[in-house]
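Participant: Handing you a structure now.
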Amino acid sequence: MKPVCLHAKDQIEAFLCRHPFLHLYSIGDLDDFFWNYTTWYAFLDQQQIEQLVLLYTGTSLPVVLGLSEEPTDLIEELLQSIAHLLPKRFYAHLSGDLATVFADDYQIESHGLHLKMALSNSALLDTADTSDVIPLSAADRGELEDLYRLAYPGNWFEPRMLETGHYYGIRRGAALVSVAGVHVYSQQYKVAALGNITTHPQFRGQGLAKVVCAKLCKDLWQKVEHIGLNVKADNYSAIACYTKLGFKAIATYEEYLLELKQIVPARTS
């Protein structure tokens, strides 16, 4: 099959919504807030999407989303057919062993197996006392970035996400010690993906992340129909926290950093 580049939101949405929690990020990226940073590659059969890959360039490091229900043969073929169009360096969320598609041309660094979790029991959000949680805004950007540098150096925080109005925190004294926000939010498409959740190392073990996430989810639940998140599969404490809030695992995938191999010129005698 020959890949095509899609531009019709309705067509893309119809395909993604077959499995909304698997494709939560991609659905959110249909929103005008993210749309201009997206490139959608697909295989079509009689104008119906058979498989889809998203390249998102709205972060400092481009991200490729290649997620699929089993089997993965068709998406593997799609990734192979667009490999020459992808950046020299990018991050990727890939189902199964799809990273092998890039093995000949890219250096591949695995960032581990991850779970996709979906909020399935919102009643559990009420088990947390969220009275200490406060909304954060662009005025808090400096403090947020300081906390991320200390507590979550590998974060994906993009300051413009504060414009969504869906970042919350807890202070102890004057200090911001726990935060939760969103990677993706779209009221139009009724989806949100939690992200950039962290707590200052000196304040961990007190359940602050659970409390701030509960407040964030209760706020989001008034505006969207699907709330999810990604978490590393061996981050057992975080998984336990999210489970207590009503999340359940619905899929697995792997994250990778890929960088095009340098071609060493052949020696001439």
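Participant: Go over the candidates 115, 98, 124 one by one and state the one that is surrounded by 14 or more Cβ atoms within 10 Å (Cβ to Cβ) and more than 19 Å from the chain's Cα centre (by Cα).
Facilitator: Just a single option satisfies the conditions, and that option is 124.
Participant: Report, by residue number, each residue of region 173-216 that is touching a strand residue (DSSP E or B) at 6+ places or on another chain (Cβ under 7 Å), over 20 Å from residue 160 (Cα atoms) and basic (Lys, Arg).
Facilitator: Within region 173-216, just 215 meets the criteria.
Participant: While we're looking at this one, here's another question. Would you mind stating whether residue 252 is hydroxyl-bearing (Ser, Thr, Tyr), part of a helix (DSSP H, G or I) and either surrounded by fewer than 20 Cβ atoms within 10 Å (Cβ to Cβ) or in contact with a helix residue (DSSP H, G or I) (Cβ under 9 Å, 6 or more places away or on another chain) (or both)?
Facilitator: On the way: hydroxyl-bearing (Ser, Thr, Tyr): yes; part of a helix (DSSP H, G or I): no; either surrounded by fewer than 20 Cβ atoms within 10 Å (Cβ to Cβ) or in contact with a helix residue (DSSP H, G or I) (Cβ under 9 Å, 6 or more places away or on another chain) (or both): yes.
The answer is no for residue 252.
Participant: Moving to a separate point now. Filtering region 17-67 down to residues that are of a type in the set (Gly, Ala, Ser) and touching a helix residue (DSSP H, G or I) at 6+ places or on another chain (Cβ under 7 Å), which residue is farthest from residue 260 (Cα to Cα)?
Facilitator: Here the residue is 28.
Participant: Among the residues that make up region 154-171, is at least one of them closer than 24 Å to residue 18 by Cβ and touching a Leu at 6+ places or on another chain (Cβ under 7 Å)?
Facilitator: Within region 154-171 (the criterion being closer than 24 Å to residue 18 by Cβ and touching a Leu at 6+ places or on another chain (Cβ under 7 Å)), the answer is no, since none of the residues qualifies.
Participant: Same structure, new question: Looking only at region 74-110, count every residue that is of a type outside the set (Val, Ile, Thr) and in a helix (DSSP H, G or I) and tell me the total.
Facilitator: Within region 74-110, residues that are of a type outside the set (Val, Ile, Thr) and in a helix (DSSP H, G or I) number 13.
Participant: Residue 43 versus (1) part of a strand (DSSP E or B); (2) over 28 Å from residue 190 (Cα atoms); (3) not small (Gly, Ala, Ser): which is the lone unmet condition?
Facilitator: (2)
Participant: Is it the case that region 144-160 has a residue that's surrounded by 20 or more Cβ atoms within 10 Å (Cβ to Cβ), touching a strand residue (DSSP E or B) at 6+ places or on another chain (Cβ under 9 Å), over 22 Å from residue 58 (Cα atoms) and outside the structural domain of residue 22 (by TED's automatic domain parsing)?
Facilitator: Going residue by residue through region 144-160, those that are surrounded by 20 or more Cβ atoms within 10 Å (Cβ to Cβ) are 144, 147, 157.
In the following step, the residues that additionally are touching a strand residue (DSSP E or B) at 6+ places or on another chain (Cβ under 9 Å) were identified as 144, 147, 157.
Narrowing the set further to residues that are over 22 Å from residue 58 (Cα atoms) leaves 147.
Restricting the remaining residues to those that are outside the structural domain of residue 22 (by TED's automatic domain parsing) gives 147.
So far as region 144-160 goes, yes, one or more of its residues are surrounded by 20 or more Cβ atoms within 10 Å (Cβ to Cβ), touching a strand residue (DSSP E or B) at 6+ places or on another chain (Cβ under 9 Å), over 22 Å from residue 58 (Cα atoms) and outside the structural domain of residue 22 (by TED's automatic domain parsing).
Participant: Since residue 71 meets every condition but one in (1) under 26 Å from residue 252 (Cβ atoms); (2) in contact (Cβ under 8 Å) with a residue 12 or more places away in the chain; (3) part of a loop (DSSP other than H, G, I, E, B), which condition does it not meet?
Facilitator: Of the numbered conditions (1) under 26 Å from residue 252 (Cβ atoms); (2) in contact (Cβ under 8 Å) with a residue 12 or more places away in the chain; (3) part of a loop (DSSP other than H, G, I, E, B), the odd one out for residue 71 is (2).
Participant: Now for a separate question. Only strands (runs of 3 or more DSSP E) wholly contained in region 151-220 count here; list those with 3 or more residues that are more than 18 Å from residue 238 (Cβ to Cβ). Give the steps one after another, and end with the answer.
Facilitator: Numbers: elements: 168-172, 175-186, 191-199.
In region 151-220, 175-186 are the strands (runs of 3 or more DSSP E) which contain 3 or more residues that are more than 18 Å from residue 238 (Cβ to Cβ).
Participant: If you check residue 224 against the conditions, is it surrounded by 16 or more Cβ atoms within 10 Å (Cβ to Cβ), touching a strand residue (DSSP E or B) at 6+ places or on another chain (Cβ under 8 Å) and part of a loop (DSSP other than H, G, I, E, B)?
Facilitator: Working: surrounded by 16 or more Cβ atoms within 10 Å (Cβ to Cβ): yes; touching a strand residue (DSSP E or B) at 6+ places or on another chain (Cβ under 8 Å): yes; part of a loop (DSSP other than H, G, I, E, B): yes.
Yes; evaluated as a whole, the condition is true for this residue.
Participant: Right, something else. Would you point out which residue out of 139, 83, 128, 103 is assigned by TED's automatic domain parsing to the domain that holds residue 226, out of contact with any His (no Cβ under 9 Å at 6 or more places or on another chain), free of Cβ contacts under 8 Å to residues at least 24 places away in the same chain and not polar (S, T, N, Q)? First the steps, then the outcome.
Facilitator: On the way: 83 fails: assigned by TED's automatic domain parsing to the domain that holds residue 226; 128 fails: free of Cβ contacts under 8 Å to residues at least 24 places away in the same chain; 103 fails: assigned by TED's automatic domain parsing to the domain that holds residue 226.
None of the other options fit; the residue is 139.
Participant: Let me ask something additional. Any chance region 198-212 includes a residue that's outside the structural domain of residue 21 (by TED's automatic domain parsing), modelled with pLDDT of 95 or more and closer than 23 Å to residue 34 by Cα?
Facilitator: no
The values are calculated or read from the model by the stated rules, or taken from the named source; none is laboratory data. If you're wondering where the values come from, they're calculated on a predicted model, not measured in any experiment. Here the Cβ is made from the backbone with ideal geometry for all residues, glycine too, and neighbour counts use every protein chain on show.
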